[in-house]
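The values are calculated or read from the model by the stated rules, or taken from the named source; none is laboratory data. This structure is a prediction, so every number in the text was calculated from the model and none was measured. Note: ideal-geometry Cβ built from the backbone for every residue, glycine included; neighbour counts use all protein chains shown. All accessible areas refer to the heavy atoms of the entire protein, side chains included, with ligands and DNA or RNA removed. Shrake-Rupley method; radii C 1.70, N 1.55, O 1.52, S 1.80 Å.
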Amino acid sequence: MLSHAMKRIILLLAAALLALPAAAQYPNRPVTMLIGYPAGGLVDIVARLMVEGMKPRFPAGMVVVTKPGAAGAVAIGELARAPADGYTVVLTPASALVIAPQMNDLAYRTPDDYDPFINLIAYYPLIGVRSESKYKTIQELLTEAKDNPGLIRVGSPGEGTSSHLNLEELMRYVGVKMVHVPYNGWAQSSVATLGGHIEAVVAQPGELKPMVDGKRMRVLLNFTPQRHAAFPEAPTAKELGWDVAYGISYMLLAPRGTPAAEQRYLHDAAKAAIEDPKFAATMNSRGIDIDYRPGEALRADLWREYRQHTEVLRRAGMLKK
């Protein structure tokens, strides 16, 4: 007969064996990374770099699925309805989290409706014009806008994006009215700018830098708190007396209630990806900073930005009634 001690050992071994499938279960199938913007833009570029860096920890694979629309809100709405099992995440700019749900009725409303588990990068937008433009400085552009209300058209990545709100706040500070023209990403707004269909565009550094390097565009204004190393000639809004500096950060979210173990696994894989020198070099070449922030600290930051943008949207008359 087995002794009491031997029986105990057998029971413990059996329990351990039963626990193994559960521990090894995640991830045993492909993980979907949703993005809410068209292929070819910065969100798409960052997502594909992240998947490349994360896939060694996901033997069943990771796939990027593009769900553009509503300034990124379509993809996050799909995430909000997805099972909280660690197999669906979304890579998104914060604007789709702190601005879009305050403007429209969406499947998510506040930073408590999903689980942010890591912030990846951050940057500030800029205002650029095509090289043939007669506007050599931001003052010339704004003077024209003041003298001829409605004449100057400025493109952005979409209604309710951080780029759009920087533009709205700039117009408020300066006391001018320009026509905001929302586009579905840089692929559209860059063509419109280069073709002379709009006078200027609000865009991110990685989009403008190749255009500036190729002498196809120039930057008139930077919304960073200090001058940007990639655009040293462009003044900041703050140095010209306009207190406008709303940054943009990209993060990864999981559906609300995703188990802590799965979130930690995803977080660790993503952190390893942004620590890869290749990722850092690619972002640096685009004038974009790595900005690592983990889960709960990130949720607190999102709530702060959410409340800050409530006031900005109210001033712009864009707050949902």
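For the range 259-321, what class follows from the C-alpha gyration tensor (a ≥ b ≥ c being the square roots of its eigenvalues): rounded when a/c is under 1.5, otherwise prolate if a/b is larger than b/c, else oblate?
Details: a/c = 3.72, a/b = 1.57, b/c = 2.36.
Oblate, since a/c reaches 1.5 and b/c is not below a/b.
Label positions at Lys271 and Arg314, each projected 7 Å from the Cα along the C-beta direction, are separated by 3.8 nm.
Are any of the pairs Lys238/Lys278; Lys136/Lys238; Lys215/Lys271 more than 26 Å apart by Cα-Cα distance, and if so, which? Provide the component values of the computation, followed by the final result.
Values: Lys238/Lys278 33 Å; Lys136/Lys238 19 Å; Lys215/Lys271 36 Å.
Over 26 Å apart, Cα to Cα: Lys238/Lys278; Lys215/Lys271.
Each of Thr310, Val201, Tyr26 was scored by the projection of its Cα onto the charge dipole of the chain, and the greatest displacement toward the positive side belongs to Tyr26; charges sit on the C-beta of Lys, Arg, Asp and Glu.
Rolling a 1.4 Å probe over the protein heavy atoms of the range 20-159, with every protein chain left in place, gives an accessible area that is 52 percent carbon and sulfur. Comparing His197, His164, His180 in a Gaussian network model of the chain, where Cα atoms under 10 Å apart are tied by springs, the biggest mean-square fluctuation is seen for His197.
For Arg48 and Ala192 in one chain, what is 0.36 nm times their gap in residues minus the Cα-Cα distance, to one decimal in nm? Walk me through the numbers on the way to the answer.
On the way: separation 144, 0.36 × 144 = 51.84 nm, distance 2.61 nm.
My answer for the length gained is 49.2 nm.
Under the classification rounded if a/c is under 1.5, otherwise prolate if a/b is larger than b/c and oblate if not, where does the range 167-321 fall, given a ≥ b ≥ c as square roots of the Cα gyration tensor eigenvalues?
Working: a/c = 1.95, a/b = 1.33, b/c = 1.46.
Here the range 167-321 falls in the oblate category.
When DSSP beta bridges are restricted to pairs lying wholly in the chain, around 60% turn out antiparallel. Here the Gaussian network model covers the chain, with springs between Cα atoms less than 10 Å apart; of Asn184, Asn222, Asn119, Asn184 fluctuates the most.
A Förster radius of 22 Å combined with the Cβ-Cβ distance from Ser285 to Arg216 puts the calculated FRET efficiency at roughly 0.80.
Legend: residues Glu233, Glu78, sorted from most to least accessible area (1.4 Å probe; ligands, DNA and RNA excluded), read Glu233, Glu78. Length available on full extension from Arg57 to Tyr173: 0.36 nm per residue minus the Cα-Cα distance, which gives 36.9 nm. When only the Cβ of Lys, Arg, Asp and Glu is charged (+1, +1, -1, -1), the dipole of the chain relative to its Cα centre reaches about 340 debye.
Put Glu275, Glu168 in order of accessible area, largest first, 1.4 Å probe: what do you get? Display every interim value, and only then the final one.
Values: Glu275 110, Glu168 35 Å².
In descending accessible area the options line up as Glu275, Glu168.
Prolate is the label for the chain. Its Cα gyration tensor axes, ordered a ≥ b ≥ c, give a/c of at least 1.5 and a/b above b/c.
Only aspartates and glutamates eight or more places from Lys67 in sequence, or on another chain, were considered; those with a Cα closer than 14 Å are Asp44, Glu78.
Taking all protein chains into account, the per residue accessible area for the chain stands at 45 Å² (1.4 Å probe). Distance between the C-alpha centres of the range 121-192 and the range 265-311: 26 Å, rounded to the whole angstrom. Amide H of Gly155 versus every other amide H placed in the peptide plane: which residues, excluding those fewer than 5 positions away on the same chain, fall under 5 Å? Close amide H contacts, sequence-distant or interchain: Val181, Ala200, Val201, Val202. Positive end of the dipole of the range 46-150 (Cβ unit charges, origin at the Cα centre): among Val74, Asn148, Ile127, the Cα lying farthest that way belongs to Ile127.
Taking the Cα centre of the range 112-258 as origin and assigning +1 to Lys and Arg Cβ atoms and -1 to Asp and Glu Cβ atoms, the resulting dipole is close to 460 debye.
For Lys320, the lysines whose Cα comes closer than 23 Å to its Cα, not counting residues fewer than 8 places off in the same chain, are Lys177. The simple spin-label model puts a point 7 Å past each Cα toward its Cβ; for Asn184 and Asn28 those points are separated by 3.9 nm.
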